[in-house]
Amino acid sequence: MLRKYFSLALAASAITFYSCQKSETSESHHEGEMHHDGAMHHEESSTEAVIGVAEVVPGNYGAAISGSEAITLADLVEKVEASGSYEGKITGEIQDVCTSKGCWLTMELPDGESIRVTFKDYGFFVPTNSQGFPIVLEGVAVFTETDVETLRHYAKDQGKSQEEIDAIVAPKKEITFEATGVVILDKA
């Protein structure tokens, strides 16, 4: 069963890596949504993806979900360690976001490690200025091993130096989460 989830997670990581490499056509499609100040506008009812900085960060992205019945990241780790996967809602705080498009985010786990969140079918993004906001996500978490090339890509998206990127020489075993929808909440 873990082999099945590992294969799915590996495929999801590869898709995420290569989808972040998409041509600029996706970005140019959204240029019409730019405001005069260069910030992106996010409509609650819009199914269009936000790319970049949002004037208002809190809101629904992807499939509409509620914040009810979400488990903590500590509970998530426990469930994934016990069964190899978890499907449902989780809650936490956004730590880092892909600086290019908002095509992934991380949240800090209780042990100080991070969980990487990607978005199903590259169908939506979160604002690149959403660090520090509380979030509720719905989707699937699995144990995976992320290859060196993908880890280096994420480091580049994060704005790491070439020296830091080159220092990544081994794959990483981690929990990843593929979200179908998220709600970014107001800061307390």
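The values are calculated or read from the model by the stated rules, or taken from the named source; none is laboratory data. Here the structure is a predicted model, which means the values were calculated and not measured. As a convention, Cβ positions derive from the backbone with ideal geometry for all residues, glycine included, and neighbour counts pool all protein chains shown. Keep in mind that these areas ignore ligands, DNA and RNA; they rest on the heavy atoms of the full protein, side chains included. Shrake-Rupley method; radii C 1.70, N 1.55, O 1.52, S 1.80 Å.
A compact table of results
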{"read-out": "Separation of the Thr99 and Ala64 label points, Cα + 7 Å toward Cβ, nm", "value": "3.6"}
{"read-out": "Carbon/sulfur fraction of accessible area - the stretch 44-161, other protein chains in place, 1.4 Å, %", "value": "46"}
{"read-out": "Amide H contacts under 5 Å for Phe133, placed H, 5+ residues apart", "value": "Ile94"}
{"read-out": "Estimated inter-spin distance, Val53 and Asp75, nm [label 7 Å along Cα→Cβ]", "value": "3.7"}
{"read-out": "Residue order for Leu185, Leu73 - accessible surface, 1.4 angstrom probe, largest first", "value": "Leu185, Leu73"}
{"read-out": "Filter on Lys101/Lys173; Lys79/Lys187; Lys120/Lys160; Lys79/Lys173 - keep pairs with C-alpha separation over 19 Å", "value": "Lys101/Lys173; Lys79/Lys187; Lys120/Lys160"}
{"read-out": "Over the stretch 97-188, relative contact order from alpha-carbon pairs under 8 Å, at least 6 apart, %", "value": "37"}
